Ligand code: FES
Ligand code: FES
């Protein structure tokens, strides 16, 4: 067991966890931040995507201890907790959320993409979401939401 | 017509959207309870073996651990159609992945440690892995005895005892053999569909809490009421003490209909006296949940020289794996196997066979994709032979209003011709294109559900005049929540934001058969409409007493009771509710739909006693680039047109179409569960690839509106058909470019290259 000092969504938290604990499990089981989802064990679905120092990562394969001193951002930090932010609203308006299980991960991947590339092309969006699977929407509504954000809608 | 409605037909955003996209929605794996334990299941490593003994001593010696096997649970069989399963394997295992024992512990690691201490002594038995082998005389028997069937299926259940054939059905009309002999041309071809996996992103997850002789189960399910009945029977407690609460469901596609983790979770909770949660790993999903039910389909079609289809003889052989959840698809094929075609003489037979593999079950379109791949591929083969345009051949033979369909019903509310013409136009059918680009078409149909397909709904008013919808159907991502709120808002004269919804909790919501087979918009939608009308009537009754104006002169509009005869009247709902709640009784509208007699306006019935309206039709077209050197098929554009009756919410309708099309793309091009001696060898998203963002073509969804009189505001369901016709349409496009016909799915590059190679050989090249 180790005492981890993490910075999650701008807040410093201390949490006990085994040295081998994965970031996803620490977020979900110890910090009750269940927005990040588990969809696989092999780093292939992206449902667990969070941002670490701005980068979109699969939190299911990142050791929590490696994230000490870094800024961790999860879906729970989007908007102000009550109101949705612009990207979240566009996701809903474009029907980018069906069952919603991929949604938090998609959103974090999209945020990372848009920060690096504020007005991406369709191909760049497709590439940016390559690590995130969705079985419901056929992706097109997700692309549309991100493209609309890039256009400033 | 759209102008007549305030809310129906508008792109309202889902009421549950915000909680999902902010990470607050509680899915199966997110549920917790105080003092909860984690459960894990020990699964069979062998496809077919006798269990000589199970030693759990060491595992039970671990502190804080509960371990159970077949000895510790009720000795009862269960299953929605055929009762061929027990909570844990008894005497023998029938597939790799079958539950043999389970453990609950304070954390998952400890539960896994307990499982590792269990020893099972197996004696391997000969096994069968394909339907063809299993159907042969003398094949090893997966189940020594067949059945029993549950009562709703008994009448139509036809097993061959002493074999692996769990069900056989056949339906015919006319003199098929004579018609085949008369036909100018007869085509006979055999096609193989592959077994695919539902691959919802959320794995199965269940939390069961057995407390003071009542049990609560939180689970992600498409059918909570069926589940409650089954669990109450299994554990012999009244349904009043078995509450099933649906969590948010992260996708279902047919894979979350029948029980999976629930019986084991309840049993562990009963024994440990603690709440127990079980979450499947993705590997368990692939090896022990279920896949689609694959089929081999042989089609014989007779046509005249001018391209009129006269006769069809279709034979389905289904591989249901170790449990008979393939019964619904195999039965469905009896109705839908012929596709949307006018054929005079028709025979369809369907055989469902057990094998020693993970079960096949329902998967989006249940039974229709397998048949459509065969029929729609063969249609192009017929067109080629007759020198006809595949579009012309289809236009000449598809069902039209007033025709008699495959099950002798009169066709009504069909928009298929318009669907076909619009996708052909959209894809540029007949227009010039490069030599490496092919285009393909398909037309498809799906019959409505029949078996006791009842939905019910409550609509109640809150104190402030807003309203609450309660339905027993499950929201699994399809967007039911928003559509039900729209229907109630439209009827009640409320803005859609003033309608809330709660669903799928057997403790609070009214009975619903569940979410499957594109039935919710139609059945649950009608129930909500009736319940809202009932609530409005009750509201106006109270208002009538308050203002002393006859109820017939009153109407509900913009959150107020108004009266055309008394223009000065403007009584806020809120005041009526105050009166109702304080001095009269709460307003509770009730609606039920789907029983016999609910469809009085139907056209004449030729033969069958039970008519159900709401056949769904669609046409699809693809344009693909085919690389002859590598065999790689790159789909560039897809158009998918659906006769939706009435589009209640265009964003939801487009979403269902596009999502289905992309699932169809995976089914067509690369998805397949691969087995080696009954063991699945690709149980991960690394080895079993579903479509990713990079391979999404341009997709044009088209909604054709031919209102269905029995549906809510004319609407039909839409959830499934979009998956169905993509595979044959791509197969047809491949044929157009390379001249080869692929009869086995998926259409992956090696298959394409093999086909090109054997064609070269045949041509003496
Ligand atoms: S849980 Fe699937 S990539 Fe992390
Ligand atoms: S919305 Fe269901 S997986 Fe993306």
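Quick notes on this structure:
- Exercise: per-residue mean of other protein chain Cβ atoms within 10 Å, B:279-292: 1
- Its DSSP H runs of at least 4 residues, each contributing -39,500 (n - 2.57), put the calculated 222 nm mean residue ellipticity of the protein assembly as shown at -8000 deg cm²/dmol, to the nearest 500.
- Between residue B:401 and residue B:460, the modelled labels are 4.4 nm apart [label points 7 Å from Cα along Cα→Cβ].
- Tensor-based shape of the range B:7-58 (alpha-carbon gyration tensor, a/c under 1.5 rounded, otherwise prolate or oblate): oblate
- Three-way shape label, chain B, alpha-carbon gyration tensor, a/c 1.5: oblate
- The angle separating the long axis of helix A:140-150 from the principal Cα axis of greatest extent in chain A is about 90 degrees.
- Antiparallel %, DSSP beta bridges [both residues in the range A:2-75], to 5: 90
- Remark: the Cα gyration tensor places the range B:226-280 in the oblate category, a/c being 1.5 or greater and a/b not exceeding b/c.
- Antiparallel DSSP beta bridges within the protein assembly as shown, as percent of all bridges there, nearest 5: 75
- At R0 = 41 Å, FRET efficiency that the Cβ-Cβ distance of residue B:575 and residue B:75 yields, to 0.05: 0.10
- Here residue A:1 and residue B:50 are evaluated by their C-beta separation; at R0 = 45 Å the FRET efficiency comes out at 0.50.
- The distance between label points at residue A:130 and residue B:694 comes to 0.4 nm (points 7 Å beyond Cα on the Cα→Cβ vector).
- Peptide B:192-201 has a mean shielding of 3, counted as Cβ atoms of other protein chains within 10 Å of each residue's Cβ.
- Simple spin-label estimate for residue B:632 and residue B:674 gives 1.9 nm between the two label positions (7 Å along the Cα-to-Cβ direction from each Cα).
- Computed extension gain for residue B:158 through residue B:533, at 0.36 nm per residue and net of the alpha carbon distance, reaches 130.7 nm.
- Unit Cα scatterers, Debye sum, the range A:2-75: log10 I(q)/I(0) for q = 0.15, 0.17, 0.25, 0.27 Å⁻¹: -0.40, -0.52, -1.20, -1.41
- Volume of the Cα convex hull of the range B:40-164, divided per residue and given in Å³: 117
- Length released on extending from residue B:553 to residue B:754, taking residue separation times 0.36 nm less the Cα-Cα span: 64.9 nm
- Ranked list, fewest to most other Cβ atoms within 10 Å of each Cβ, for B:762, B:228, A:30: B:762, A:30, B:228
- Between residue A:115 and residue B:107, the C-beta separation translates, for a Förster distance of 45 Å, into a calculated FRET efficiency of about 0.75.
- Potential lengthening of the chain between residue B:133 and residue B:187 amounts to 16.8 nm, from the contour at 0.36 nm per residue minus the alpha-carbon distance.
- Mean per-residue shielding of peptide B:652-659 is 5, counting Cβ atoms of other chains within 10 Å of each Cβ.
- DSSP beta bridges confined to chain B are antiparallel in about 75 percent of cases.
- Over all orientations, the protein assembly as shown has a Cα convex hull whose mean projected area works out to 40.1 square nanometres.
Every number here is computed from the coordinates shown, using simple stated rules; none is lab data. Just so we're clear, the structure is a prediction, and the values are computed from it rather than from any experiment. Because the Cβ atoms are built from the backbone with ideal geometry, glycine has one as well, and the counts that use them run over all protein chains shown.
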